[in-house]
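Every number here is computed from the coordinates shown, using simple stated rules; none is lab data. Note that the structure is predicted; figures quoted are calculated from it, not measured. All Cβ positions, even for glycine, are placed from backbone atoms using ideal geometry, and neighbour counts span all protein chains on display.
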Amino acid sequence: MAALPHVAIQVRSGRDPESIRRLISAVTEAVVTSLDTPARTVRVIVTEVPTTHWANGDVTLAEAAPHHGGQP
């Protein structure tokens, strides 16, 4: 039996559930097309990370937000 495709995605928290749902559908379709595998075998896990727990160059997204018009 072939291994089940598993895709793990990390995004900053705050996106609406509909956006996450669209992401899951798009990723699933990409895996199905790329690997020629049934959608039922594709596993997609989306983890939302608080902006206080995500950093670029020792600056969290929360810290950077005020410097970019509120958008990290």
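Can you find, among Ile9, Thr52, Leu35, the residue farthest towards the positive end of the dipole of the chain? Put +1 on the C-beta of Lys and Arg, -1 on that of Asp and Glu. In the chain, that residue is Leu35. Annotation: the antiparallel percentage among DSSP beta bridges lying fully within region 6-68 is about 20.
Placing a label point 7 Å from the Cα of Arg12 along the Cα-to-Cβ direction, the residues of region 37-59 whose backbone N falls under 16 Å of that point are 47-59. Once the mean of 1/r is taken over each pair of separate Cα atoms and inverted, the chain shows a Kirkwood hydrodynamic radius of 14.0 Å.
The C-alpha atoms of the chain define a longest principal axis, and helix 17-35 lies at about 40 degrees to it.
Once you keep just the Cα pairs under 8 angstrom separated by 6 or more residues, what percentage relative contact order results for region 6-68? Relative contact order for region 6-68 comes out at 41 percent. Each residue of region 4-12 is assigned a 3J(HN,Hα), and the resulting list reads 7, x, 10, 10, 10, 10, 10, 10, 5 Hz, derived from the Karplus form 6.51 cos²θ - 1.76 cosθ + 1.60 (θ = phi - 60°), x at Gly and Pro.
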